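The values are calculated or read from the model by the stated rules, or taken from the named source; none is laboratory data. On a predicted model such as this, the values are computed, not experimentally measured, just so you know. As a convention, Cβ positions derive from the backbone with ideal geometry for all residues, glycine included, and neighbour counts pool all protein chains shown. Each accessible area value is taken on the protein alone, full model and side chains, heavy atoms only, with ligands, DNA and RNA left out. Shrake-Rupley method; radii C 1.70, N 1.55, O 1.52, S 1.80 Å.
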Amino acid sequence: MTATANFRQMAQYIGLAICGLIVRTAFGMFGILWGVIAEIVNGMFRVAIGVIVATLSTIAFFGFILWLFTL
């Protein structure tokens, strides 16, 4: 009986270790995927803000040039 109990306990520990490894791997993959998606979204926001700033700067530059012609 003791050998059977030890075998069951060892099998339970091994099963818990395998389940824990699977869960950690799944969370790790989810973390990597989340990081990639976050970088893509941040990059899109940076590009959008850059385009808006470049457009406003160009408009301001030509507006300043036109204002100088009125002096």
Work out, step by step, the length gained on full extension between L33 and N6: first 0.36 nm times the residue separation, then minus their alpha carbon distance; give nm to one decimal. 5.7 nm
With N denoting the number of residues in the chain, provide Rg(C-alpha) divided by 2.2 N^0.38 Å, to two decimal places. 2.75
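In Å², and per residue, what accessible area does region 1-70 have when probed at 1.4 Å with the other protein chains present? Could you put the intermediate results ahead of the total?
Working: 6410 Å² over 70 residues.
Here the per-residue accessible area is 92 Å².
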Using θ = phi - 60° and Karplus 6.51 cos²θ - 1.76 cosθ + 1.60, couplings along region 6-17 (whole Hz; Gly, Pro as x): 5, 5, 5, 5, 5, 5, 5, 5, 5, x, 5, 5
Suppose only helical runs count, i.e. DSSP H with n ≥ 4. What mean residue ellipticity at 222 nm does that imply for the chain under -39500 (n - 2.57) per run, divided by all residues and rounded to the nearest 500 deg cm²/dmol? -36500 deg cm²/dmol
Sparse-neighbourhood loop sites, chymotrypsin sites (Phe, Trp or Tyr not before Pro) in the chain - DSSP loop, at most 16 other Cβ within 10 angstrom: none
Using a basic spin-label model with each label point 7 Å from the Cα along Cα→Cβ, how many nm lie between L21 and A54? 5.0
Carbon and sulfur atoms: what percent of the 1.4 Å accessible area of the chain do they account for? 80
Need the full-extension length gain, V47 to L71, defined as separation in residues times 0.36 nm minus the C-alpha distance. One decimal, nm. 5.0 nm
